[in-house]
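Asker: First the structure, then my questions, so here it is.
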Amino acid sequence: MLKKLVKKEAYLIPIYICLFFIPLFYFTLFANSFTQSKELLFRFVILFSLFAITLYTLYKKSFKVRSLFRNKIFLLLVAAAFIVFVANVFSPTPVIALFGTYTRGFGMITQLFLFIFVIYCAMAIEKKSAKKSLQILFVSGLIVALYAILQKAGLDPLFKNFDASIFVGRSFGSLGNPGYLGQFMMLILLVGGYLFASSKKRAVKTFYGLSIAVVLAALWFSQTRAAMLALTLCLLLLCVKHRKYIFNLIKKARRSWKVVFVVALVPVIIGIGIILQQDRFSLSEVGIRSMGSRLETWKGAISLIQNRPVLGYGAETFYVYAPEIITKKFLTLEENISLSIDRIHNEFLETVFSYGIFAGLIYLIFLFMLLKLFFKTKEPILVLFSILIVGNMIQNQFAFSDISISVFISFCIGGIIALQEKQKVKITSKGYSKYRHILVVVILIVFAFSFIHMLYKPFMSQLLYAKSKKNYNVSYEVAINAHKEAISYTPYYSKLWYDLIFVDPSSLERALYYLEKIEGETGNLLAWRGNFYSDSDPAGASEYYLKALEKNPYYPNWIRAYGDMLYKNGDYENALYLYKQYLEAVPDFWKWEESVYERSPEEQKSYRIFFKNVPDFWVTVERVLQIELLLGEKE
């Protein structure tokens, strides 16, 4: 019987694998143990599933597929896919748009796999299998939650060698980041609520009730504000939808409802009090600092959007242009002048920036259609799917998804389409049976090519990059050779070339050549070209520095690099001018040196963090004093 069941539901196995294993999976031998390992697992499952299904359908006389082109949401997705494709093709940096970044990898290739997964779910899912998939997903989320609680208790056997100091005690489970954990737990809570409400057996309800408490604890330990806000708004939406049911419960309770209300209100008030005592959730300057830096990022993103409003810049390209919009206020809030920004932390703005205003319009239409479905449908599982996607859109106005959450949401979108469109059409093999063997050869070639370039090469690159980093302080030769091997597998990632510049300065010229092909004439690249010519051609170097500063005259690193070049070449007067500009461009923490102990504990902490991030800052100040003495500007 089990064999028959497996054979009957074999087409669902890829969905089950993705939903269960991707949130749990990690690979310690990778440089990016979490994101890239999960992403490659996802690609592996989809690629092999497509290969197997394609071969199976070629030798099957006839088969039925769900008709999708009558579904409005599917048609909207097709339109969105077309816009994304055009934006990526015509991107100023098409290489980045295609492959994404080395640490996240959310370029057009990953987007294609997610789109295929949506279609696969839309074809495969039925109401019964949808609920089973949700149960599998919930169990996976529960395991993640349990491990997150262990982490909070100080027990972390799997990731004990992982540097989690930057998370300041926040749990990250098996997702590699507290933000991802919180967002994932928020969605799992909604799934748990649905499974609890739809269960009839008391023992099952008890299991889901206790599990929800565990997941809620994991959400709390992640301290993810965007997820908590999204959960609150989702619960409000559910209350609005089921208001009649809630009012009826209150009427039935009559006098006792007041007691219930008071009893429920007490822990809420206590919880709010506990939250407000913590810096991360308070309304103090510390508590709202990250919100302030996000506002600065959003302002900068809007200014960039105005330059390419129709086509956008392409997927995952924001990091290329981020230095052009960085302000002193942002650097002060982040307490770091070398911080790079690779995400806007607002899904709507990210969509418009990457793909243009038409993509933004489709995003809003999609949200409207989901809300309409949520309020109109009487099918509980469609209510769940729609609120999950809406909830994720809410939290992503302050954050962004990783691959685990993206797969989760793709499943929900496919599930909505599948449950809305039940009609299937029959397809026969008469039209292509004569060319079956030729098609098999073509499929094998396509599969082999995809496997090599989308799985094997990224896999080897991650292994070698991790080997390189491991050997930095052990064997310089091994580290350099491993790094160069990693580049040979994936030469289209700018991070690898920038890192090569730092570990092997002799490769600067070669690295700049490839970086220009990847990024174009960005401010960072122009500044590095200035560094390259600083010894051999100071005049030429100045031209590059000036071009970089035209893009952002207030970016401290470019100002200082230009000043250092002039100082080395004896142009002290202009170097002094640039150094003073640099001191005005950086946060004012350095001005507190003589009064730092008179400042608040938080200000003292900011002072220490700034100098930890910029350890050689006082070198510039000393040079200013030396030049002033040399030029006779100081008594």
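Asker: Using the Karplus curve 6.51 cos²θ - 1.76 cosθ + 1.60 with θ = phi - 60°, work out ³J(HN,Hα) for each residue of segment 175-188 in order, rounded to whole Hz, and write x for Gly and Pro.
Answerer: Listing the rounded values in order: 9, x, 7, x, x, 5, 4, x, 5, 5, 5, 4, 5, 5 Hz.
Asker: Going Cα to Cα from Lys457, which aspartates and glutamates come in below 16 Å? Please leave out same-chain ones fewer than 8 positions away.
Answerer: Within the straight-line cut-off, Lys457 pairs with Glu39, Glu485.
Asker: Among the trypsin sites (Lys or Arg not before Pro) within segment 417-515, which fall in a DSSP loop and have no more than 12 other Cβ atoms within 10 Å of their own Cβ?
Answerer: Those satisfying the criteria are Lys422, Lys430.
Asker: Percent relative contact order of segment 286-424, based on C-alpha pairs within less than 8 angstrom and at least six residues apart?
Answerer: Numbers: 150 pairs, mean separation 33.3, N = 139.
Relative contact order of segment 286-424: 24 percent.
Asker: Given a 1.4 Å probe and the protein chains all in place, what does the accessible area of Tyr562 round to, in Å² to the nearest 10?
Answerer: The value for Tyr562 is about 30 Å².
Asker: For Leu304, what accessible area in Å² do you get when you roll a 1.4 Å probe over the heavy atoms of the protein chains, rounding to the nearest 10?
Answerer: Leu304 exposes around 10 Å² with every protein chain in place.
Asker: Quick one: how many Å² of Glu9 are accessible to a 1.4 Å probe, rounded to 10?
Answerer: Looks like 40 Å² after rounding.
Asker: Kindly report the accessible area of segment 50-164 per residue (heavy atoms of protein chains, probe 1.4 Å, no ligands, DNA or RNA), in Å².
Answerer: Details: 5530 Å² over 115 residues.
With the other protein chains kept in place, segment 50-164 gives 48 Å² per residue.
Asker: While we're looking at this one, here's another question. Taking each pair of different alpha-carbon atoms in segment 1-136 once, compute 1/r for the pair, average those values, and report the inverse of that mean as the Kirkwood hydrodynamic radius in Å to one decimal.
Answerer: Working: mean 1/r = 0.0587 Å⁻¹.
After inverting the pairwise mean of 1/r, the radius is 17.0 Å.
Asker: OK, next. What are the trypsin sites (Lys or Arg not before Pro) within segment 305-369 that DSSP puts in a loop, where the Cβ has at most 11 other Cβ atoms within 10 Å? Mind showing how you got there, number by number?
Answerer: Details: sites: Lys328, Lys329, Arg343; in loops: Arg343.
Sites meeting the loop and neighbour criteria: none at all.
Asker: Now a separate question. Can you tell me the orientation of helix 617-630 relative to the chain, as the angle in degrees between its alpha-carbon axis and the longest Cα principal axis, to the nearest 10?
Answerer: Taking the Cα atoms of the chain, the angle to 617-630 is about 20 degrees.
Asker: Another question, if that's okay. For segment 7-82, what does the alpha-carbon gyration tensor say about shape, rounded, prolate or oblate, given a ≥ b ≥ c as the root eigenvalues, a/c under 1.5 as rounded, and a/b over b/c as prolate?
Answerer: Oblate is the answer for segment 7-82, as a/c is 1.5 or above yet b/c matches or exceeds a/b.
Asker: Could you tell me whether the chain comes out rounded, prolate or oblate from its Cα gyration tensor? Rule is a ≥ b ≥ c as square roots of the eigenvalues, rounded for a/c under 1.5, then prolate if a/b exceeds b/c, otherwise oblate. Show your work: numbers first, answer last.
Answerer: Details: a/c = 2.10, a/b = 1.38, b/c = 1.52.
Oblate.
Asker: So which aspartates and glutamates pass the test for Lys64, namely a Cα distance under 19 Å, with those fewer than 8 places away in the same chain ruled out?
Answerer: By straight Cα distance, Lys64 reaches Glu9, Glu126, Glu421.
Asker: If one takes the longest principal axis of the Cα atoms in the chain, at what angle in degrees, from 0 to 90 and to the nearest 10, does the Cα axis of helix 523-533 lie?
Answerer: 40 degrees
Asker: Which pairs, out of Lys495/Lys551; Lys328/Lys547; Lys495/Lys568; Lys205/Lys376; Lys127/Lys372, put more than 24 Å between their alpha-carbon atoms?
Answerer: Listed pairs above 24 Å: Lys495/Lys568; Lys205/Lys376.
Asker: Could you provide, to the nearest whole Å², the per residue accessible area of segment 325-460 with probe 1.4 Å?
Answerer: 44 Å²
Asker: How far, in degrees from 0 to 90, does helix 556-568 lean away from the longest principal axis of the Cα atoms of the chain, to the nearest 10?
Answerer: Computed tilt is about 30 degrees.
Asker: Which percent of the accessible heavy-atom area of the chain goes to carbon and sulfur, probe 1.4 angstrom? Intermediate values should be presented prior to the final figure.
Answerer: Working: 20870 of 32210 Å².
C and S fraction of accessible area: 65 percent.
Asker: Using the Cα gyration tensor of segment 92-232, with a ≥ b ≥ c the square roots of its eigenvalues, what is the shape: rounded (a/c below 1.5), prolate (a/b larger than b/c) or oblate (neither)? Write down the numbers at each step before the final one.
Answerer: Numbers: a/c = 2.27, a/b = 1.13, b/c = 2.01.
Oblate is the answer for segment 92-232, as a/c is 1.5 or above yet b/c matches or exceeds a/b.
Asker: What's the ranking of 44-57, 394-407 by average number of surrounding C-beta atoms within 10 Å, highest first? Please list the in-between numbers first.
Answerer: On the way: 44-57: 16.2, 394-407: 23.8.
Per-residue Cβ counts within 10 Å, averaged per peptide and sorted highest first, yield 394-407, 44-57.
Asker: Segment 41-116: which trypsin sites (Lys or Arg not before Pro) are DSSP loop and have at most 14 other beta-carbon atoms within 10 angstrom? Show your work: numbers first, answer last.
Answerer: On the way: sites: Arg43, Lys60, Lys61, Lys64, Arg66, Arg70, Lys72, Arg104; in loops: Lys60, Lys61, Arg70, Arg104.
Hits after loop and neighbour filter: Lys60, Lys61, Arg70.
Asker: Relative contact order for the chain: what percent, with Cα pairs under 8 Å and sequence separation of 6 or more? Don't skip to the answer; put the middle values down first.
Answerer: Working: 819 pairs, mean separation 120.3, N = 635.
Dividing the mean separation by the residue count of the chain yields 19 percent.
Asker: Something else: I need the phi-derived Karplus couplings for segment 436-441: 6.51 cos²θ - 1.76 cosθ + 1.60, θ = phi - 60°, integer Hz, Gly and Pro marked x.
Answerer: Here the 3J(HN,Hα) series is 4, 5, 5, 5, 4, 5 Hz.
Asker: From largest to smallest, what semi-axes in whole angstrom does segment 388-526 give when each is the square root of 5 times an eigenvalue of its alpha carbon gyration tensor?
Answerer: 41, 26, 15
The values are calculated or read from the model by the stated rules, or taken from the named source; none is laboratory data. This one's a predicted model, so the numbers in the text were calculated from it and none came from an experiment. So basically every Cβ, Gly included, is an ideal-geometry build from the backbone, and we count neighbours across all protein chains shown. We work out accessible area using only protein heavy atoms, side chains counted, and drop any ligands, DNA or RNA first. Shrake-Rupley method; radii C 1.70, N 1.55, O 1.52, S 1.80 Å.
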